[in-house]
Amino acid sequence: MMLSHPQSKVCSVRKRSDFSCTGQWDVVVQTEGKQESYVFDGIMVCSGLYTDPLLPLQDFPGITSFKGQCIHSWEYKSPEKFQGKKIVVIGIGNSGVDVASELSHMAAQVFLSTRRGAWIWNRVWDYGMPIDTVLFTRFNAILNKVYPTFLINSLIEKKLNARFNHDTYGLLPQHRFLSHQATFSDDLPNHIITGRVMIKPNVRKFTKTSAIFEDGTEEDVDVVVFATGYTFSFPFLENNSTVLDSQCSMFKFVFPPQLEKPTLAFIGILQPVGAIMPVSELQSRWAARVFKGLNKLPSVSGMMADIQKKRKKFAKEYRNNSRDTRRVQYVDYMDEIASEIGVKPNLFSFFLWDPKLALEIFFGPCTPYQYRLQGPGKWAGARRTILTQRERIIKPLKTRTLTLVQPLNPVPFWLKSFCAALLLFVLTLVIIKA
């Protein structure tokens, strides 16, 4: 039974005195000013990474004397009250770009300030398909492991520059594509080319009425929007140090390794290169099985070894940025958690007994249905749903009946990738023999 919880605040979560035996937690919840205490056998923390807005005011001299309005993107709700104003948005992550794009319809001028620039993805990919249905496949996940990093960087950067030249638009970043998180926006290039959004370097300092940028230019501004990200914390966890270490170490980003009983799980405290909801659902399935004793975790030393291995991998692959330390590849991570549960699709078996399904699993979008084909939580409708998923993607778009129908994609993306991989293999053999 689910307890009534809307408009409720969790005040504290702490181990019971007999936690080492029972694994139970004392939880204090406040609703309409009244506090109540409960005892729970398991806790899932689902508050996410974006809980505490980060405002690095100390990095911007003069901001305290600025006479205009200063807000964090977390406070932004709608553009109407900013009509006719000159606005500088600091930060070029997803929030910063979205806020700048929306404000550009109402503001007199929007300046988008960035220190490093960014690679801009569009959500609508080739042939008008959603990007995650095209790129996040098992086949592409394998190519990412086979292709050398420099080649992946070159191919993707060329693809993104074909949409609009990042150098021409003032967005070319200092880093290669794979070394830092990209930004998604279908609208930003249009607003830049029409002049509604102007890309500017980092703000060197503020005056009472203006922003002075590192290139020496000065612009009068009425509003500063800090799209400078978030930190995350768990203030309701009493004696936090006994639950999490200073680096918030979690086994596979879910379980704190030092707990005597694995009855606390963190859901969605990571950054998948892909959708967060399927990842969170799979994490929740795993956590529920661990809570019930149906799955066992490794020893503390085994979990810490896995954590350290991942940290070394991050340090090697990504730029020195704290926001990337919880970044995971969508398909790889989903399979990793699915293996813990026992629901990872057995492709070899499917290729033998159901090749049609196997091909869709391998070349098609990696949707959550794949983790309902076998094992705990198996669903009889999973096969049919996987084989018809492309129809459901297209159906909402086909609101006009056409008499002349052309093929959606004469050369499938996976076939292009396969040919590219084959060409790379042949060239490698030629170089070796030479």
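Given the criteria assigned by TED's automatic domain parsing to the domain that holds Phe184, surrounded by fewer than 16 Cβ atoms within 10 Å (Cβ to Cβ), at negative phi and part of a loop (DSSP other than H, G, I, E, B), does Lys77 qualify? Against the criterion (assigned by TED's automatic domain parsing to the domain that holds Phe184, surrounded by fewer than 16 Cβ atoms within 10 Å (Cβ to Cβ), at negative phi and part of a loop (DSSP other than H, G, I, E, B)), Lys77 qualifies. In this structure, does Ser349 turn out to be farther than 30 Å from Pro148 by Cβ and either charged (D, E, K, R) or outside the structural domain of Glu391 (by TED's automatic domain parsing) (or both)? Answer is no for this residue.
When the residues of the stretch 210-232 are filtered to those that are in a loop (DSSP other than H, G, I, E, B) and of a type in the set (S, T, N, Q), the one that is surrounded by the most Cβ atoms within 10 Å (Cβ to Cβ) is Thr228. Of all residues in the stretch 1-52, how many are basic (Lys, Arg) and farther than 28 Å from Tyr230 by Cβ? Residues meeting the conditions: 2.
On the stretch given as the stretch 58-75, residues that are within 29 Å of the chain's Cα centre (by Cα), within 21 Å of Asp220 (Cβ to Cβ) and not β-branched (Val, Ile, Thr) total 2. Whether any residue in the stretch 293-306 is in contact with a helix residue (DSSP H, G or I) (Cβ under 9 Å, 6 or more places away or on another chain) and in a helix (DSSP H, G or I) is what I want to check. The answer is no, given that none of the residues of the stretch 293-306 is in contact with a helix residue (DSSP H, G or I) (Cβ under 9 Å, 6 or more places away or on another chain) and in a helix (DSSP H, G or I). Name every residue in the stretch 96-138 that is part of a loop (DSSP other than H, G, I, E, B), surrounded by fewer than 18 Cβ atoms within 10 Å (Cβ to Cβ) and small (Gly, Ala, Ser), in order of residue number. Answer for the stretch 96-138, where residues must be part of a loop (DSSP other than H, G, I, E, B), surrounded by fewer than 18 Cβ atoms within 10 Å (Cβ to Cβ) and small (Gly, Ala, Ser): just Ala108.
Screening Thr194 against (1) more than 22 Å from the chain's Cα centre (by Cα); (2) in contact (Cβ under 8 Å) with a residue 40 or more places away in the chain leaves a single unmet condition, (2). Give me a count of the residues in the stretch 50-72 that are of a type in the set (S, T, N, Q) and either in contact with a Gly (Cβ under 8 Å, 6 or more places away or on another chain) or assigned to a strand (DSSP E or B) (or both). Of the residues in the stretch 50-72, 1 are of a type in the set (S, T, N, Q) and either in contact with a Gly (Cβ under 8 Å, 6 or more places away or on another chain) or assigned to a strand (DSSP E or B) (or both). Could you pull out the residue among Val328, Val290, Val300, Val279 that is of a type in the set (A, V, I, L, M), farther than 26 Å from Arg384 by Cα and touching a strand residue (DSSP E or B) at 6+ places or on another chain (Cβ under 6 Å)? One residue alone meets the criteria, Val328. Of all residues in the stretch 157-167, one or more are within 25 Å of Gln329 (Cα to Cα), assigned to a loop (DSSP other than H, G, I, E, B) and at pLDDT 95 or above.
The condition (being more than 30 Å from Trp286 (Cβ to Cβ), of a type outside the set (D, E, K, R), in contact with a helix residue (DSSP H, G or I) (Cβ under 9 Å, 6 or more places away or on another chain) and in contact (Cβ under 8 Å) with a residue 24 or more places away in the chain) is satisfied by just one residue among Pro61, Pro79, Pro56: Pro79.
The values are calculated or read from the model by the stated rules, or taken from the named source; none is laboratory data. None of these values were measured; they are calculated from a predicted model. Every residue, glycine among them, receives a Cβ derived from its backbone with ideal geometry; neighbour counts consider all protein chains shown.
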